[in-house]
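These notes concern the structure reproduced below.
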Amino acid sequence: MHIIVCIKQIIDPEIPADQFKLDPNSMRQLRGGLSLVISAYDQNALEVALQLREKVGGKVTALCLGESGAMGAIKSALGMGVDDGFLVSDQPLLESDPFGVAHVLAKAIQKIGVPDLVLTGCVSGDTGDKVMGPLLAEALGLPCVTFVSKVEVKDGKALVRRIVEDGYELVEAAFPLAVSIISDDSNVPRYSKLRDIMAAAKKQVPTWKAADLGLEGARVGVGAARLQVQDVSIPQRESKCEILDGETPEERAEGLALRLRELKVI
Amino acid sequence: MNFELTDAQRLIRDTVREFADKELAPLAAELDRLKRYPEKPLQRLAELGVLGMTVPPEYGGAGADTVSSCLALMEISRACASTGVAVSLHNTLTCEIIYRHGTEAQRRRYLPALCRGQILGAFSLTEPTSGSDAASLRTTATRRGEQYLLNGTKLFVTNGSRAGVIILFASTDLSRGDKGITAFLVEPSVPGFRIGKREEKMGLRASDTAELVLEDCQVPVENRIGEEGEGFKVALSSLVTGRAGIAAQAVGIAQACLEASVRYARERRQFGQPIAEFQAIQWKLANMATEIEAARLLTLRAAAQKDRGLPCTMEASMAKLFASEAANRAAADAVQIHGGYGYLQDFPVERYMRDARVLTIYEGTSEIHRLIIARQLLSPSPPPSPHPWGEGKGEGPQGGPEEGMGAWCVRGGGEP
Ligand SMILES: Cc1cc2nc3c(=O)[nH]c(=O)nc-3n(C[C@H](O)[C@H](O)[C@H](O)COP(=O)(O)OP(=O)(O)OC[C@H]3O[C@@H](n4cnc5c(N)ncnc54)[C@H](O)[C@@H]3O)c2cc1C
Ligand SMILES: Cc1cc2nc3c(=O)[nH]c(=O)nc-3n(C[C@H](O)[C@H](O)[C@H](O)COP(=O)(O)OP(=O)(O)OC[C@H]3O[C@@H](n4cnc5c(N)ncnc54)[C@H](O)[C@@H]3O)c2cc1C
C-alpha cells in the first residue's frame, strides 16, 4: 500500500490574535517570522496514513507545496514516521488559486507515481476552502470520499468511516482513491520520537520547481487564478467578565445556572 | 555567525514543548503539592526517546547532540522543574558518564535500560561533610577479592531512592585526596545498600532527593568505572553536560516566569488600566526577557561548543552561573508582578520561585562558579578567548579542571 499525504504549512493558529496581519494586496496572512506548523487536519491525515501502514504495510509519502521554509513541514512529517517526502517550491506557484494548487499537486503525484491512496486534510487551518481533496481527486481522476476519520482495508477494498452530522457512514471504495480527513479520537497525531527526528534530519528531500513538473503558466500561478479573495474582515471579539455573588456554593451554582440560561448557553 | 537551530534541534524542541504543554504542565502544580515523583511523565519521556537522548542508537538512545539535550531540558523545566532535574541527572550525568567512561559490558548492561526508562539513573558525589569541596569526601571503598566494600553516607542524591543504578564516588585511598577517588556503578539491590532519609525541600518537591547509607555495601569489581583513582576525572568530565543541563533548567523556569507575568500583567487591572501599562511593570518584563535571552544564548553556546569538541569549561560555568541567577531574579520579579496573588499557591509563580532557589546551589554554587571563571582568567596560561569572534589568544590548552578545579567544586579552595 502506497499512501501520499498532502500537507500544508500554515502560520500556527495558536498565535495571539494581535499578531495576525494581512497583506492588503493578496489578502493573505503575512508570515513575518511567525511560527509555522502543519495544518491540523493534515496532521490527522498523516496519523491515518501511519496507522494504516502499521496494519497493512507499505509506504507513506508526504507532499507539500509551499515556500522553501515548508521543508520544515516535510521534516516534521518525516519525524512522525513517514517514509519519504517531496517539496514543490516555486514562488509563482504559490499564488495559484485552489484549482491551480490541485493541478500542481496532481502533477507532482503523477511524477511520484499515483498511489493507492491520496490523503488531504478536510479543510486547511488558514484559508479554509475545504476543496483540496475533491479538486485533487478530480485532477487525478480518482473517486473521492470526504470528511473521513479512519481508513481500513477489507478484501482489497477501502472501508472508510465518513463523519456526518450525528453519526457516521461506512463507505466501501476501490483503490486508488482520494480521501479528505477530519479529526476524531482515533487519529490524534502522534508525537515524533527523537530517534525518528534524528533520522528525518538526515533524509534528503527532493525539491521541485514548476519546470520539473512540466507546469504551464496557463494552468497555475496568479495569472491562471479564477478565484480571487476580494476582502477579508476580522471579527471583533469582546470578552467581559461577570462575578456572581452568593452566600453558599449552592446559591452561587444556582445563580450561575440561571445566568447561563438567560444567556441561552444552556 | 549563525544562530539557527538545525532541523533536528528544532523538531526535538517542538516535540518536547508540545508534550510538556499538553501532558506535563497540567500536572506540575499537583505533583508539587503532593510531593509526588513524576513517574508517569518520565515513562512518557522515555517513550518519546528523551531519556538517554544523547546516547548513540546502538545503545538505545537517539544520538542527539548537547544542544538538543539543553533544548529538551528547557521545555521540560518550563512545565515542571522537578521533572527537569530528574531528567537532567539521568541524561547529562548518569548516561553521559556510562557512555563516555563505561566498559562495553557496562554500556550494554545499563544504557538500553536507562534509555527505555526501565531504570533511572543517579549521580552521588555529595556527602554530609563534603559539598563544594567534593574532593574531601570520606566514603571509602575497600577491595575484598572480587568485591569492593563501600562504607559511608551520601547525601542529596537526586533520583536517589528511585534509581536502578547510581554513579557513586568513594575513596579507594583516603591518603591520596582527589587522586584516591573512584567511581562505581551501584545497584540498590546489593547487600549493604540502604536508602536513608528522603529530604523535605523548599522547592522541586516532586523530585526525589535521598540519603544513601552504605554499610559494607558490596559492589562487584566489574562495576568500577575506570581505574582506581580515576573517579574525580570521571566526575569532572561530566561538568559541561551537567552544568549546561542545569543552566537549561534555569532558562526553562525563567521562561515560565516571564510567560506567566506577561499574561497576568495584561489581565490584572489597577487604577483603571492593565498593570502592563505601568512602566514599572514594563521594565521588569523587559529586564526579564533580556536576561532570559542572554542565559539561553550562553547555555546553547556552551552546548554547541561541546558538540564541536571544543573546550568549554568556562562557558559552561558562565552559563550555569548566569542562568541560575537570572532565573532567581525572574522568579522574584514574577511574584512581585503578581502582587499578593504571587504569594499564593493558586498561581504557578509561587512554585517557580521555590523551584528556582536551588539553581544557584546545586551542580556548583554560584560562588564556586565565580571561582572557576576567575581562576581561568587569572591562570598563568589563560584559556583561549571564550569568544570565537574575539581576539584569539592562541590554541593553548584550556587551563582545564584537571589543573585544580573540582567537580562542582574547588580542590583545597575553601578549607585552610
Ligand atoms: C535539591 C538538591 C539536589 C541535589 N542533587 C545532588 C545530586 O544528585 N548529586 C550530588 O552529588 N549532589 C547533589 N546535591 C548537592 C549539591 O551539589 C550541594 O548542595 C552543593 O554542591 C553545595 O554543597 P553544600 O550543600 O555542602 O554547601 P557548602 O559546600 O557547605 O557551601 C556552603 C556555602 O559556602 C560557600 N562556599 C563553599 N566553598 C567556598 C569557597 N571556596 N569560596 C567561597 N564560597 C564557598 C558555598 O558557595 C555556599 O554558599 C543536591 C543538592 C540539592 C539541594
Ligand atoms: C500574606 C498576605 C497577607 C495580607 N494581609 C492583608 C490584610 O490583612 N489586609 C488587607 O487589606 N490586605 C492584605 N493583603 C493584601 C495586600 O495588601 C495586597 O496584596 C497588596 O496591597 C497588593 O495588592 P494586589 O495583591 O492586589 O496587587 P496589585 O495591586 O494588583 O499589584 C500587582 C503589581 O502591580 C504593581 N502596580 C500596581 N499599581 C501600580 C502602579 N500604579 N504603578 C506601578 N506598579 C503598580 C504592584 O506594585 C504589583 O507589582 C495581604 C496579602 C498577602 C499576600
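No value in this document is a laboratory result; all are computed from the given coordinates. Everything numeric here is computed off the predicted structure, so don't read it as measured data. Backbone-built Cβ (ideal geometry, glycine too); neighbour counts: all protein chains shown.
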Q | Gyration tensor verdict on chain B (Cα atoms; rounded if a/c is under 1.5, prolate if a/b is larger than b/c, oblate otherwise) | A | prolate
Q: Estimate the FRET efficiency between B:GLU222 and B:MET202 by the formula 1/(1 + (r/R0)^6), using the beta-carbon distance for r and 41 Å for R0, to the nearest 0.05.
A: 0.55
**Q.** GNM flexibility winner over chain B from B:ALA248, B:ALA46, B:ALA302 (Cα, springs under 10 Å)
**A.** B:ALA46
Q: Set the Förster distance to 41 Å, then compute FRET efficiency between B:THR6 and A:ARG237 from the Cβ-Cβ distance, nearest 0.05.
A: 0.60
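Quick one: pull the percentage of alpha-carbon pairs in the protein assembly as shown with a separation above 33 Å.
For the protein assembly as shown, the fraction of Cα-Cα distances above 33 Å is 57 percent.
Hey, what's the per residue convex hull volume over the C-alpha atoms of region A:2-224, in cubic angstrom?
About 128 Å³ per residue, rounded to a whole number.
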Q.
Can you compute log10 of I(q)/I(0) for region B:184-226 with the Debye formula, treating each Cα as one identical point scatterer, at q = 0.16, 0.18, 0.20, 0.34 Å⁻¹?
A. -0.53, -0.62, -0.70, -1.16
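Rounded, prolate or oblate: pick one for region B:59-143, where a ≥ b ≥ c are the square roots of the eigenvalues of its C-alpha gyration tensor, a/c under 1.5 means rounded, and failing that, prolate if a/b is larger than b/c, else oblate.
oblate
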Q. So what is the relative contact order of chain A, in percent, for Cα pairs below 8 Å that sit 6 or more residues apart?
A. 23
Q. Taking amide hydrogens as modeled 1.01 Å from N in the peptide plane, which residues meet the under 5 Å criterion relative to A:LEU177, leaving out close sequence neighbours?
A. A:LEU117, A:VAL118
Q. Region A:1-56: which GluC sites (Glu not before Pro) are DSSP loop and have at most 10 other beta-carbon atoms within 10 angstrom?
A. A:GLU14
Q.
For the ranges A:83-95, B:162-174, what's the packing order if you count other beta-carbon atoms within 10 Å of each residue, average per peptide, and put the highest first?
A. B:162-174, A:83-95
Q) Going 7 Å from the Cα of B:PHE271 in the Cα-to-Cβ direction, what parts of region B:331-352 have a backbone nitrogen less than 14 Å from that spot? A) none
Q) Under DSSP H, which helices of chain A have Cα atoms covering 15 Å or more of the helix axis and a Kyte-Doolittle average no less than 0.0? A) A:98-112
Q: Could you check the simple spin-label distance between B:ARG144 and B:GLN336, using points 7 Å along Cα→Cβ, in nm with one decimal?
A: 5.8
(Q) Can you compute the helix-only [θ] at 222 nm over chain B? Use -39500 (n - 2.57) per DSSP H run of at least 4 residues, normalise by all residues, nearest 500 deg cm²/dmol. (A) -14500 deg cm²/dmol
Q | Cα-based shape type of region A:128-179, given that a ≥ b ≥ c are square roots of the gyration tensor eigenvalues and the cut on a/c is 1.5 | A | oblate
Q | Exercise: per-residue mean of other protein chain Cβ atoms within 10 Å, B:64-70 | A | 1
Q: Mind telling me which of A:GLN29, A:GLN236, A:GLN51 comes out most flexible in a GNM of chain A, alpha-carbon contacts under 10 Å?
A: A:GLN236
**Q.** Peptide B:42-54 - average C-beta neighbours from other chains (10 Å radius)
**A.** 2
Q: For region B:222-235, take each phi angle, set θ = phi - 60°, evaluate the Karplus expression 6.51 cos²θ - 1.76 cosθ + 1.60, and give the result in whole Hz per residue in order, putting x for glycine and proline.
A: 5, 9, 7, 9, x, 8, 4, x, 9, x, 5, 4, 4, 4
Q.
What do you get for the angle between helix B:239-267 and the principal long axis of chain B? Use alpha-carbon atoms, 0 to 90 degrees, nearest ten.
A. 20
Q. Once the Cβ-Cβ distance between B:ARG263 and A:GLU152 is put in as r, and R0 is 51 Å, what FRET efficiency do you end up with, to the nearest 0.05?
A. 0.70
Q.
How tilted is helix B:366-378 with respect to the longest principal axis of chain B? Cα atoms for both, answer in degrees (0 to 90, nearest 10).
A. 70
Q: Would you mind checking the tilt of helix B:104-116 against the longest principal axis of the Cα atoms of chain B, expressed as 0 to 90 degrees and rounded to 10?
A: 30
